[in-house]
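Shown next, in structure tokens, is the structure this report addresses.
The values are calculated or read from the model by the stated rules, or taken from the named source; none is laboratory data. Model, not experiment: these values are computed from the prediction. Note that each Cβ is placed from the backbone with ideal geometry, even for glycine, and that neighbours are counted across all protein chains shown. Accessible surface areas use protein heavy atoms only, side chains included; no ligands, DNA or RNA. Shrake-Rupley method; radii C 1.70, N 1.55, O 1.52, S 1.80 Å.
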Amino acid sequence: MKLRHVRAVAVAVGVMVVLTGAKRSHGGGCDDSSSSSSSSSSSGGTHYDDDDDDYSSSGGVSGGSGATASAEATEDVRLRSCAYDASRGIVATVEATNTSSITTYTYDFGVTFKDPSGTPVRTSSSTIPYVPADTTETLDVAASYVPDAGASTSGVTCELSGVTRTAE
């Protein structure tokens, strides 16, 4: 293998580690205050902003090979908060807690955003990748939403669906 190939592979691996947040971190999470209009990442957890999902009319998420939709996967993933943020729209903070003491998992799920009247705004398929054993990671998933002038923004809702996890 030529030196330029080795260098290219090393750069690609470095980029992958940086982009996936592949590190041993404990804790994480966001501000647990429900009165907060936006969430922030803190204390060493990896924070991903996943606002580039395709629009979808289906709430389900299909997992790749080895993906399991189980009670454990559903229990590992929870909706931490759902709120309107003037700069990002409706923001759902989703938390994945890997309760395994050995296995690293990737969690796939769908989030359906609804306006105050209950009308669906968007459904996003999202992923929290490579959650190490005994750790918690969070992901903010946002849907663009601009309320009518003078309309209330309280009462927006978010729903999780199609939670699966895949052993890595």
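For region 108-149, what % of the accessible area comes from carbon and sulfur atoms, probe 1.4 Å?
On the way: 700 of 1450 Å².
After summing per-atom areas, the C and S share lands at 48 percent.
At a 1.4 Å probe radius, which order do 158, 82 fall into by accessible area, largest first?
Numbers: 158 15, 82 40 Å².
Largest to smallest exposure gives the sequence 82, 158.
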Order 88, 165, most accessible first, counting only protein heavy atoms with a 1.4 angstrom probe.
-> 88, 165
Calculate, for region 79-121, the solvent-accessible area per residue in square angstrom, rolling a 1.4 angstrom probe over the heavy atoms of the protein chains.
-> 37
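Taking R0 as 41 Å, what's the FRET efficiency between residue 71 and residue 146 from their Cβ-Cβ distance, rounded to 0.05? Please list the in-between numbers first.
Working: r = 38 Å, r/R0 = 0.92.
Taking R0 as 41 Å, the efficiency between residue 71 and residue 146 is 0.60.
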